[in-house]
1. Kindly indicate whether any position in the range 72-82 is among the hydroxyl-bearing types (Ser, Thr, Tyr) and touching a helix residue (DSSP H, G or I) at 6+ places or on another chain (Cβ under 9 Å).
2. Pairs needed: first member in the range 3-23, closer than 16 Å to Asp101 by Cα and at pLDDT 85 or above; second member anywhere, outside any helix (DSSP H, G or I) and of a type in the set (Ser, Thr, Tyr); C-beta distance under 9 Å; at least 6 residues apart or different chains.
3. State the number of residues belonging to the range 33-49 that are part of a loop (DSSP other than H, G, I, E, B), at negative phi and not hydroxyl-bearing (Ser, Thr, Tyr).
4. Among (1) more than 16 Å from the chain's Cα centre (by Cα); (2) within 18 Å of Glu103 (Cα to Cα), there is one condition Ala43 misses while meeting the rest; what is its number?
5. In the range 54-102, what count of residues is obtained for those that are on the phi > 0 side of the Ramachandran plot, surrounded by 16 or more Cβ atoms within 10 Å (Cβ to Cβ) and at pLDDT 95 or above?
6. Criterion first (hydroxyl-bearing (Ser, Thr, Tyr) and surrounded by 10 or more Cβ atoms within 10 Å (Cβ to Cβ)) does Ser16 satisfy it?
7. Pull up the range 43-53, narrow it to residues that are surrounded by fewer than 12 Cβ atoms within 10 Å (Cβ to Cβ) and of a type outside the set (Gly, Ala, Ser), then point me to the one that is modelled with the lowest pLDDT.
8. Test of understanding: among Phe76, Phe8, Phe42, which residue is in contact with a Cys (Cβ under 7 Å, 6 or more places away or on another chain) and either within 25 Å of Asp110 (Cα to Cα) or of a type in the set (Phe, Trp, Tyr) (or both)?
Amino acid sequence: MTNYLISFPSEAMMLSEAELSEVVETSHAVVRDMRDAGVLVFAGGIDESTPPVRVAADAAVTPGTYPQTVGFNGGFTVIDVPNREEAVEWAARVAAACRCDQELRAFGEDALD
């Protein structure tokens, strides 16, 4: 089995207030289906009200983030499925529920396996 990341940036969801509640309901239904199918590892979004920090090896905390990740936001789902085809099927369901394209990426092998 391979873990896949399904994600999108916040800006991709071009929704009115009226559409938002329906999208929340349909996207949560897809996540429940993932859980029921036994493929869900994690689902959630970045809390954009909490600013990011960088943490060094000595535990020093620096406000902010790497310049190239300033736009890192949105929703993220990790699934564990046997192949890319199944991952694409789940990503398509998320895209339909969220009304925006999803990015699909495979994780590398787990170092502990």
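The values are calculated or read from the model by the stated rules, or taken from the named source; none is laboratory data. Not measured: the values here are computed from a predicted model. Cβ coordinates were reconstructed from backbone atoms using ideal geometry, including for glycine residues, and neighbour counts include every protein chain displayed.
1. yes
2. Tyr4/Thr77; Leu5/Thr77; Ile6/Thr77; Ser7/Thr77
3. 4
4. Unmet for Ala43, out of (1) more than 16 Å from the chain's Cα centre (by Cα); (2) within 18 Å of Glu103 (Cα to Cα): (1).
5. Total meeting the criteria: 0.
6. Working: hydroxyl-bearing (Ser, Thr, Tyr): yes; surrounded by 10 or more Cβ atoms within 10 Å (Cβ to Cβ): no.
No: the conditions fail for Ser16.
7. Glu48
8. Residue meeting the stated conditions: Phe8.
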